[in-house]
Amino acid sequence: MGSIHCYAAYVREKDDIALNAASAGWMNEFVEVLLGGSIVVPIAVAYLGLDWIQGNVGLAMGFRTMPTLFQNWGPWLAAIAGVAWFGLLFFAGITSSLAMGQPVMAFLQDHFKIDRTRSARYFGGVILILSLWCIFFYGYGAFTEFDDWSGTFALVVFALFESIAFSWVFGIDKGWEEINRGADIKLPSFFKYVIKYVTPLFLLAVFLGSLISPLGGNWNSAFASLLDGNGWPLDGGSIIGKILHIGFEDTRWFVDGAPTRVFIVDATRTLLLLTFATVAWAIRTAWKRKEQEEMQKETQS
């Protein structure tokens, strides 16, 4: 979403937004969901079974399913296929990282007057530090915490805030005019109400559901337990469950002087909060600096 905002800043007033956004979204989902799913899922069913799929749905399927297939092709073909497959994943990750890094570097260049070389070094240094934390403490769940809070929870929360800001603060009428200005396709007016009402409500439902997700995802059993006076059985994967460390047998930070998994998990969450706080401070500083510059211009004029 940060990439979208950054690149949108370079779009001219009457550039086509509707067609570009729709085609990019459709093509991305077609390649990832339809083509990717039609390759990975059948292979996983054939070699690993449905039970394994139900317990490993997500990113791990691509990294564990395809090698299972390749190892049945013999040593040479397996090596070639492995290099091709993971090489493509590597380039996909690198190009996505460049796109996600552009908003940060553009922010440093525009608001703090840092040249592109230094901004790239600063950004790369921060990413290196955060990456090393994930590498060194991968077995303790550091990467999972990064992925859950940044790649899942934050996406829903910020998308919810943005949908509300666009539809209700900026105004859906002005937003709809911006979307259709210079567009080669005219969006059906039905989507105007989807953006304003359906999208925020859907995201809010997803957020609330993840906040108090019941044990095993069994909502009927959870409501029955609540009505019987036995309380709400929170799942360890729910937001509140994660905060309360549900599912951890031992919640101590240190055992015999050695850090535990709970300590690394809490340290990772603290690191993420510090990163977010630093970004918020930088934005606030840039905003104040911009206001001061505008006041100086008004005074001089």
Practice prompt. Could you check ASP250 against (1) within 26 Å of ILE135 (Cβ to Cβ); (2) at pLDDT 85 or above and say which number it fails?
Written response: (2)
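Name the helices (runs of 4 or more DSSP H) wholly within segment 162-266 that hold at least 1 residues that are farther than 30 Å from SER23 by Cβ and touching a residue at least 24 places away in the same chain (Cβ under 8 Å)? Break it down stepwise before answering.
On the way: elements: 172-180, 190-193, 199-211, 219-227, 239-243.
So the answer is 199-211, 239-243.
Would you mind stating whether ALA159 is closer than 18 Å to ALA22 by Cα and in a helix (DSSP H, G or I)?
It is true that ALA159 is closer than 18 Å to ALA22 by Cα and in a helix (DSSP H, G or I).
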Worksheet item: Mind checking which residues of segment 139-151 are exposed (fewer than 12 other Cβ atoms within 10 Å of the Cβ) and either at pLDDT 90 or above or over 23 Å from PHE107 (Cβ atoms) (or both)?
Response: GLY139
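Is it the case, given these coordinates, that GLY139 is out of contact with any Phe, Trp or Tyr (no Cβ under 9 Å at 6 or more places or on another chain), in a helix (DSSP H, G or I) and under 17 Å from ALA267 (Cα atoms)?
The answer is yes for GLY139.
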Fill in: Selection within segment 3-35 - at pLDDT below 75 and surrounded by 11 or more Cβ atoms within 10 Å (Cβ to Cβ)
SER3, ILE4, HIS5, CYS6, TYR7, ALA8
Item to complete: Scan segment 267-301 residue by residue and report those that are in contact (Cβ under 8 Å) with a residue 60 or more places away in the chain, of a type outside the set (A, V, I, L, M) and out of contact with any His (no Cβ under 9 Å at 6 or more places or on another chain).
Response: THR268, ARG269, THR275
Worksheet entry | Index of the failed condition, SER238 passing every other in (1) at pLDDT below 85; (2) among the small types (Gly, Ala, Ser); (3) surrounded by 13 or more Cβ atoms within 10 Å (Cβ to Cβ) | (1)
Worksheet item: Of the numbered conditions (1) surrounded by 16 or more Cβ atoms within 10 Å (Cβ to Cβ); (2) in contact (Cβ under 8 Å) with a residue 40 or more places away in the chain; (3) out of contact with any strand residue (DSSP E or B) (no Cβ under 9 Å at 6 or more places or on another chain), LEU155 satisfies every one except a single condition; which is it?
Response: (1)
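Picking from GLY82, GLY93, GLY87, GLY125, which residue would you name as being closer than 20 Å to THR278 by Cα and part of a helix (DSSP H, G or I)?
Working: GLY82 fails: closer than 20 Å to THR278 by Cα; GLY93 fails: closer than 20 Å to THR278 by Cα; GLY87 fails: closer than 20 Å to THR278 by Cα.
Of GLY82, GLY93, GLY87, GLY125, the one residue that is closer than 20 Å to THR278 by Cα and part of a helix (DSSP H, G or I) is GLY125.
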Worksheet item: Could you say whether any residue in segment 212-227 is at pLDDT 85 or above and within 25 Å of PHE276 (Cβ to Cβ)?
Response: yes
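Have a look at THR268, THR285, THR199, THR275 and point out the one that is modelled with pLDDT of 90 or more and in contact with a Gly (Cβ under 9 Å, 6 or more places away or on another chain).
Just one listed residue meets the conditions, THR268.
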Worksheet entry | Count of residues meeting criterion [surrounded by 14 or more Cβ atoms within 10 Å (Cβ to Cβ) and within 18 Å of the chain's Cα centre (by Cα)] in segment 252-282 | 5
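The values are calculated or read from the model by the stated rules, or taken from the named source; none is laboratory data. The structure presented is a predicted model; accordingly, all values stated were derived computationally and were not measured. Methodologically, a virtual Cβ is constructed for each residue, glycine included, from the backbone with ideal geometry; neighbour enumeration extends over all protein chains shown.
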